[in-house]
């Protein structure tokens, strides 16, 4: 269904995956939701779908519709909207329960790897994803890597698939603010859920034969023990700090004051920290896997191997190259390509049926 440009389309946007401020989907929802309202210019009649406990996020800005258990089977607003945008692949409100033009955003297909040895859950995941894709009019991937992965596993999506990159907020340092954990020397920084797919345990090797410190921010799991075991191997356990979740003000301080972002992730649909660090004019050192080369482009430096000597060489040569060529402004220009305003405008083009 293509909505007539003579009317003001009614659009429901789902943000029910905004569980807490330490998740990527929270920041995706916050950035996209606010940008949609800012860029709307009275073109659409928006409603946002979210959990009641998260009502304060958009309270007073837009009409809110709250997730309910009954929505698994029946959605009272099934005929109320011209467009429904499911902003992630978890879809607690199922596309087949809505009579509207439907857009589905897919952030990653990580469960295909995570469940590869699970003969019970993997088929259920494929069944669910096939249903979501088959019942959606348009499918959006947040990177070309994710788009290619979707076509590989769900080829029926190809004709309805497009790529819309996420935006990234430009964090502003709070004047005079300092975090509780202040490094006592020059430091490398990384951030993300402290889990195996982030591959943070390869980072302590970067502290060998130098005086750098490593600061790791993010929700902590038992994987931290593997990181510290590696730190002990390289005699730098006292210079590796795993500090847990941080506020935006803390995060801005770490970006502003670090020597570089080091981000060797094995599975990223987008890679928000890359853009956040570049906004501060910092060099970024990334794995060459999944979506990260798309996001970092030719401004980033890449670990082609996770062998300690190879990583150390990339870091040393990359830092020298970055500073000798004064590439801070180049990094900022790269970051400026990824704005929530541009992302919102691209989604609204889909809402309009363009």
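Summary of computed values
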quantity	calculated
Meets criteria (out of contact with any helix residue (DSSP H, G or I) (no Cβ under 9 Å at 6 or more places or on another chain), without any contact (Cβ under 8 Å) to a residue 60 or more places away in the chain, farther than 21 Å from residue 140 by Cα and surrounded by fewer than 19 Cβ atoms within 10 Å (Cβ to Cβ)) for residue 320	yes
Residue list for segment 59-90, filter: touching a residue at least 40 places away in the same chain (Cβ under 8 Å) and under 19 Å from residue 341 (Cβ atoms)	85, 87
Qualifying residue in segment 327-347 (condition: at pLDDT 95 or above, part of a helix (DSSP H, G or I), farther than 29 Å from residue 194 by Cβ and touching a strand residue (DSSP E or B) at 6+ places or on another chain (Cβ under 8 Å))	yes
Residue among 231, 205, 174, 237 that alone is more than 19 Å from the chain's Cα centre (by Cα), modelled with pLDDT under 95 and either assigned by TED's automatic domain parsing to the domain that holds residue 287 or farther than 30 Å from residue 104 by Cβ (or both)	174
Yes/no for residue 241 being surrounded by fewer than 23 Cβ atoms within 10 Å (Cβ to Cβ) and assigned to a strand (DSSP E or B)	yes
Helices (runs of 4 or more DSSP H) contained entirely in segment 108-154, each with at least 3 residues that are without any contact (Cβ under 8 Å) to a residue 12 or more places away in the chain, within 16 Å of residue 88 (Cβ to Cβ) and out of contact with any helix residue (DSSP H, G or I) (no Cβ under 6 Å at 6 or more places or on another chain)	none
Lone qualifier among 50, 12, 37 - being closer than 22 Å to residue 166 by Cβ and in contact with a strand residue (DSSP E or B) (Cβ under 6 Å, 6 or more places away or on another chain)	12
Test: residue 205 is outside any loop (DSSP other than H, G, I, E, B) and touching a strand residue (DSSP E or B) at 6+ places or on another chain (Cβ under 6 Å)	no
In segment 1-39, the residues that are more than 23 Å from the chain's Cα centre (by Cα), at pLDDT 85 or above and either in a loop (DSSP other than H, G, I, E, B) or under 14 Å from residue 340 (Cβ atoms) (or both)	8, 9
Number of positions in segment 155-183 that are in contact with a strand residue (DSSP E or B) (Cβ under 7 Å, 6 or more places away or on another chain) and part of a loop (DSSP other than H, G, I, E, B)	3
Residue list for segment 272-290, filter: at pLDDT below 95 and more than 11 Å from residue 191 (Cβ to Cβ)	289, 290
Check on residue 268, in contact with a helix residue (DSSP H, G or I) (Cβ under 8 Å, 6 or more places away or on another chain) and either modelled with pLDDT under 95 or under 15 Å from residue 333 (Cβ atoms) (or both)	yes
Of all residues making up segment 208-228, the number that are touching a residue at least 40 places away in the same chain (Cβ under 8 Å), assigned to a loop (DSSP other than H, G, I, E, B) and either within 26 Å of residue 24 (Cα to Cα) or not assigned by TED's automatic domain parsing to the domain that holds residue 258 (or both)	2
Condition met for residue 249 (out of contact with any helix residue (DSSP H, G or I) (no Cβ under 7 Å at 6 or more places or on another chain), more than 27 Å from residue 323 (Cα to Cα) and not in a loop (DSSP other than H, G, I, E, B))	no
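The values are calculated or read from the model by the stated rules, or taken from the named source; none is laboratory data. Only a predicted model underlies this, so the values are computations on that prediction, with no experimental measurement involved. Cβ coordinates were reconstructed from backbone atoms using ideal geometry, including for glycine residues, and neighbour counts include every protein chain displayed.
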